[in-house]
Structures are given as C-alpha cells and as structure tokens.
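Student: Take a look at the following structure, please.
The values are calculated or read from the model by the stated rules, or taken from the named source; none is laboratory data. Keep in mind that what you see is a predicted model, and the values were worked out from it rather than measured. Counting neighbours? That spans all protein chains shown, and the Cβs are built from the backbone with ideal geometry, glycine included. What goes into the accessible areas is simple: the full protein's heavy atoms, side chains included, and nothing from ligands, DNA or RNA. Shrake-Rupley method; radii C 1.70, N 1.55, O 1.52, S 1.80 Å.
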Protein chains: 2
Amino acid sequence: MAKTPKPPYYAVIFSSYRNPGDDEGYGAMADRMVELAAQQPGFMGVESVRDGLGITVSYWESLDSIKAWKRHAEHREAQRLGHEKWYSSFKVRIAKVERDYGI
Amino acid sequence: MAKTPKPPYYAVIFSSYRNPGDDEGYGAMADRMVELAAQQPGFMGVESVRDGLGITVSYWESLDSIKAWKRHAEHREAQRLGHEKWYSSFKVRIAKVERDYGI
C-alpha cells in the first residue's frame with residue numbers, strides 16, 4: 001500500500017481492460033513504467049492490481065508533476081502502444097485527494 | 001468500467017489487504033455493499049479488483065453523498081467487521097476528480 005503524506009495530494013486513477021495476447025511485451029513495459037514513474041519528481045507512491053479489470057492508482061505531489069510524467073518521452077511511447085495495441089478500453093481520472101484515513 | 005459524467009465529481013479510493021479466512025462471509029458482504037451503494041443518492045459507479053491487494057474505487061456526485069453512505073447503518077456494520085476482522089490494513093482516500101479521458 002502506498003505510504004502517502006497528509007493530504008492534499010493528487011491521485012491518477014488508471015482503469016483498463018487489456019486486449020488478449022502480447023503479455024511479455026506488455027508486462028515488461030508495465031514494470032518499466034512503475035520503475036520510471038518512481039524516479040520522477042513529485043511521485044509519492046503507486047498501487048496496482050489486475051484481475052480482468054486493471055486499476056493502477058499513482059500518487060503525486062502536484063498537477064505539474066503529473067503533467068511532466070505524462071510528457072516523459074519513454075512514457076509517451078508506452079501510452080502510444082497502450083492506445084494502439086494493449087488496451088481495449090481505458091480511463092484516466094486525475095483527482096485531488098482531500099482526506100484519507102485507514103489502519 | 002464505471003460510466004461517469006463530465007468532471008467534477010468525487011472518487012473514494014479504498015485500498016486493502018485481507019486477513020486470511022472467512023471468505024464466504026466477506027464475499028457476501030462485499031457483494032451486498034456494492035448492491036447497496038448503487039442504491040444511494042449520488043452514486044455514480046464503482047470499479048473493484050482484488051489480487052492480493054484490493055482496490056475499489058466508487059464515484060459520487062458530492063462529498064455529502066459520500067458522507068451519507070458512510071453513515072448508512074448496514075454499511076457501518078460492514079465497516080465495523082472490516083476493521084475488526086476482515087482487513088489487515090486498509091486506506092480510504094476521498095478525492096475530487098478534476099479531469100478524465102480515455103477510450
């Protein structure tokens with residue numbers, strides 16, 4: 001579970017369904033994107049799970065850090081492949097976390 | 001995938017790890033909570049997946065609709081059982097969705 005600081009901070013909720021096939025290329029790229037995201041300024045954590053539907057939530061310090069990550073060259077290439085090949089559908093939601101609690 | 005309207009709207013991101021055992025009681029309650037949530041004023045959709053880590057994101061019209069659902073008697077009982085028995089850890093994040101896109 002991502003260890004995020006006290007709100008406010010931002011969440012990018014990425015929900016997707018995959019096309020069948022090409023698991024190796026996809027898996028390697030998905031792992032690489034998590035590794036690369038974690039190196040970006042403003043990154044604060046990620047939670048990801050897939051079982052048919054995939055949900056990945058990444059946490060960021062600011063909208064600017066999200067925008068910079070979206071424009072990252074290697075990430076753009078991944079987005080292109082995702083759009084053209086890997087995902088049958090996806091939705092990205094950018095949200096400001098106002099409150100959190102838990103155990 | 002949840003069919004949500006144009007932002008702004010709200011997301012409740014619920015991330016959790018379960019304690020082992022009691023799958024039947026848990027599964028029935030989890031299904032019931034989705035069914036019940038869908039009947040609440042302001043509910044706009046839900047996406048849920050578990051594979052070890054569980055992530056459930058529900059979408060709501062307003063903070064008031066989220067608060068009302070949190071106070072619902074049957075949901076309170078589920079929250080109590082979740083806290084005491086089902087989850088080894090969980091985190092709830094309440095976030096305002098400012099932007100979304102997808103295919």
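Student: Within the range B:64-84, can you find the residues that are open to solvent by less than 40 Å² (accessible area, probe 1.4 Å) and within 11 Å of chain A (Cβ to nearest Cβ)? Lay out the reasoning, then the answer.
Tutor: Within the range B:64-84, the first condition is being open to solvent by less than 40 Å² (accessible area, probe 1.4 Å), and the residues that meet it are B:65-66, B:69, B:75, B:78, B:81-82.
Result: B:Ile66, B:Gly82.
Student: Continuing with this model, one more query. Which condition number in (1) without any contact (Cβ under 8 Å) to a residue 40 or more places away in the chain; (2) surrounded by fewer than 18 Cβ atoms within 10 Å (Cβ to Cβ); (3) within 9 Å of chain B (Cβ to nearest Cβ); (4) within 25 Å of B:Tyr87 (Cβ to Cβ) is the one that A:Val34 fails?
Tutor: Looking at each condition in turn, A:Val34 falls short on (3).
Student: Looking at this structure, is A:His75 touching a Leu at 6+ places or on another chain (Cβ under 8 Å), over 25 Å from B:Phe14 (Cα atoms) and either outside any loop (DSSP other than H, G, I, E, B) or at pLDDT 95 or above (or both)? Full working, then the answer.
Tutor: Details: touching a Leu at 6+ places or on another chain (Cβ under 8 Å): yes; over 25 Å from B:Phe14 (Cα atoms): yes; either outside any loop (DSSP other than H, G, I, E, B) or at pLDDT 95 or above (or both): yes.
Against the criterion (touching a Leu at 6+ places or on another chain (Cβ under 8 Å), over 25 Å from B:Phe14 (Cα atoms) and either outside any loop (DSSP other than H, G, I, E, B) or at pLDDT 95 or above (or both)), A:His75 qualifies.
Student: Moving on to the next point. Looking at the range A:85-103, which of the residues that are more than 7 Å from every other protein chain (Cβ to nearest Cβ) and of a type outside the set (Phe, Trp, Tyr) is most open to solvent (accessible area, probe 1.4 Å)?
Tutor: Here the answer is A:Lys85.
Student: Right, another one. Would you point out the residue of the range B:9-19, among those that are assigned to a strand (DSSP E or B) and polar (S, T, N, Q), that is surrounded by the fewest Cβ atoms within 10 Å (Cβ to Cβ)? Even if it seems obvious, please write down each step before you answer.
Tutor: Taking the range B:9-19 as the starting set, the residues that turn out to be assigned to a strand (DSSP E or B) are B:9-18.
If we keep only those that are polar (S, T, N, Q) too, we end up with B:15-16.
Details: B:Ser15: 23, B:Ser16: 20.
Only one residue tops the list, namely B:Ser16.
Okay, residues lined up against (1) open to solvent by 60 Å² or more (accessible area, probe 1.4 Å); (2) assigned to a loop (DSSP other than H, G, I, E, B); (3) in contact (Cβ under 8 Å) with a residue 40 or more places away in the chain:
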{"position": "B:Pro7", "(1), (2), (3)": "no, yes, yes"}
{"position": "B:Gly21", "(1), (2), (3)": "no, yes, no"}
{"position": "B:Ala28", "(1), (2), (3)": "yes, no, no"}
{"position": "B:Ser48", "(1), (2), (3)": "yes, no, no"}
{"position": "B:Thr56", "(1), (2), (3)": "no, no, yes"}
